[in-house]
1. Could you point to the residue in SER574, LEU204, LEU216 farthest towards the positive end of the chain's charge dipole, with +1 and -1 charges on the Cβ of Lys/Arg and Asp/Glu respectively?
2. If you line up the Cα atoms of segment 411-564 on their principal axes, what length do they span on each, largest first, in Å?
3. Step through the residues of segment 147-157 one at a time and calculate ³J(HN,Hα) from phi using the Karplus curve (6.51 cos²θ - 1.76 cosθ + 1.60, θ = phi - 60°), rounding each to whole Hz and writing x for Gly and Pro.
4. Using the structure shown, select from LYS43/LYS70; LYS567/LYS593; LYS405/LYS426; LYS70/LYS280 the pairs with a Cα to Cα distance greater than 18 angstrom.
5. Could you give the nm distance between label points at SER476 and GLU106, where each point is 7 Å from its Cα heading toward the beta carbon?
6. Could you pull out every one of the lysines with an alpha carbon less than 16 Å from that of LYS363, ignoring same-chain neighbours closer than 8 positions?
7. Ratio of alpha-carbon Rg to the 2.2 N^0.38 Å globular estimate for the chain, to two decimals, please.
8. Which semi-axes, in whole Å and largest first, does the equivalent ellipsoid of segment 419-472 have when worked out from the alpha carbon gyration tensor as the square roots of 5 times its eigenvalues?
Amino acid sequence: INAEVHGGFDSTSNMAETIVKPVFPAWTSMGANLLPEGGCSFKVWAPHSSMVWVRYNGSKVEMQQTESDKEMWTTTITEAKEGDTYNYVILSNWNDQFALEGAELERRDPYARHTDFSGNTCYITNPHFEWAPFSPSHKHYEDLILYEIHPGSFVGRNDPSSSEWSVFRRIIEKLDYIQSMGFNAIQLMPVNEFGGDWGYNPRLLLSIHGKYGTPLELRNLVDEAHKRGLSVLFDVVLNHGSAKLNSLWNYDGYGPHKNGGIYFEGGGSTPWGLKFAFHKQQVKDMLQAGAEMFFREYNADGLRFDSVHNMPWDLLQYQTFTLRNNFPGKFLVAEITPENPMVVHGAGFDSCWLHATYYDSLKVLRGDGFKMEKIKLMLSSHRGFKRSFEAISSILGSHDQIGDKQNGNAEGGCHRYLVSLFGGRKNWHAKAFCRFLYGIMSCGRPLPMLFMGTETLQDGWWNTDLHHTFDWNLTSDEAGRQMIDLITDSNHMRAAHPGLRSDHVEFVHEDRTNAVIGCLRVAENSVLLVVINASEAQWEGHMKYGISCNHGPGTRFKQLFNSQAGKYGGWDASWTGDVDAQSDGKLFINLPKWSVTVFQRL
């Protein structure tokens, strides 16, 4: 993917002047690396160590301190090959782990790509892969339509694919389903090794989560997605380590006052675990590796950085500038709370997740005041975002709003699929609200993103227990098919009409009495009128609604979309068809309640 204008990094800043593009960054020599001449080199950072060994295929091989940096230990094993096992053994000279582990500490490799989830075993891997050509139909950032997936819970429940396959292989079987709905990018929740369930408690930053599959299987997944024209974005958590089963904790034995040791001391805390020691170059190198690996070894098209408000601003600038230098055209997304356009214009990201649009949508549906202003913000994105791709909107909720780890009781039980907050998938209004909101999202300026299961009107909340994972049965029942049809048509409409992807939003009609808004979405010869009715009032038949279109008499408009069309669960009489502007500059249209209708100027 390419952007004609990157998101706001100041190329004249001191940061831009001092960073030189590294051809071979320092981190690429860390860990286990197969050598062109055969064998494998090993390198580990262990500053509080008297001796270090690599346990290769069960046997200890002594490592030596490097001449240039006595905190680094290295060795080469000429007979080592892909698939062989290894881990490090550390004799610490400051061993706060002695009571628990003894004098010699068995340690996993912080740079390992493939590990045994339940033990210390690491596997030597070969990152080489023959990638298929990727020719996406979406050439620019503003063309993206994203589908968010939690890999482990996307498969399994009423799933026709084989349970003997890995998670990654089973997702390959689902790519046609995603593509058929008109999505052109998948946003994968974390796939590096984590503790817990959702992926946001990293144990290691470079090892692929073994419960999902192998590095090769993940490469196959990305390759198969690309063959279908789907971009792949990975989620990286570089702000903190796992509170449990943390492989980097007290890594070389050093860890006074429960400070976490060399990777965490002095970093501070988050609600989920200690922050990394951002002030140390060795830690910054590892964090950079945790991001760059997905581009270098998995052919990723973009990264979403989790919770960047828990990271230093200058580190974010360093990371984004280096990534952009080394991997031009890759899409860099930040999650920051509260959302802040400066993460694009000052920290070098291309885009920012918008959580606020979801909460605005609830207030609109509940009539909590300022309805018109909130709808306008959902359509135009919050102030400060200059380009359409600078904001990603999940109006019906992302995993953060839909997920619940407390048996449905998190924050008073408000974490639910949106359909469940208004009566469930058997309730007509609840389904109409979901159609209404997806219509706004597909016609709005920000990039649209949908969390898995929303398209089938799945009830309840999402979690990783079987009863709350993605339910494949719902893809074929009537309610599920109707919503999937609406999403498919909405996505294809957005892809076909540049006006819906442009930076231009011109509000031409505001009827505060009836809660009706009209706006023009324009790009060159693509002119579309989007009409929002956020009320129970409706007009049809002989009683039509006059909507200002900002065009002269006789200008003809063709109806492209109606969220209340019969095929989606509404009714056929709500459709208008072609209509001409009258002498007062208005179109007289059928306007169903709680609807989004779209007209194209002919």
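The values are calculated or read from the model by the stated rules, or taken from the named source; none is laboratory data. Quantities reported herein were computed from a predicted structural model and do not represent experimental measurements. Please note: Cβ atoms are built from the backbone with ideal geometry, for glycine as well, and neighbour counts cover all protein chains shown. Note: areas computed on protein heavy atoms with side chains; ligands, DNA, RNA excluded. Shrake-Rupley method; radii C 1.70, N 1.55, O 1.52, S 1.80 Å.
1. Result: SER574, furthest along the dipole toward the positive end.
2. 57, 32, 31
3. Residue by residue, segment 147-157 yields 10, 8, 10, 9, x, x, 9, 7, 10, x, 8 Hz.
4. Pairs exceeding the cut-off: LYS405/LYS426.
5. 4.7
6. Filter leaves LYS371, LYS374, LYS376.
7. Cα Rg divided by the expected 2.2 N^0.38 Å: 1.05.
8. Calculated on Cα positions only, the semi-axes equal 21, 15, 7 Å.
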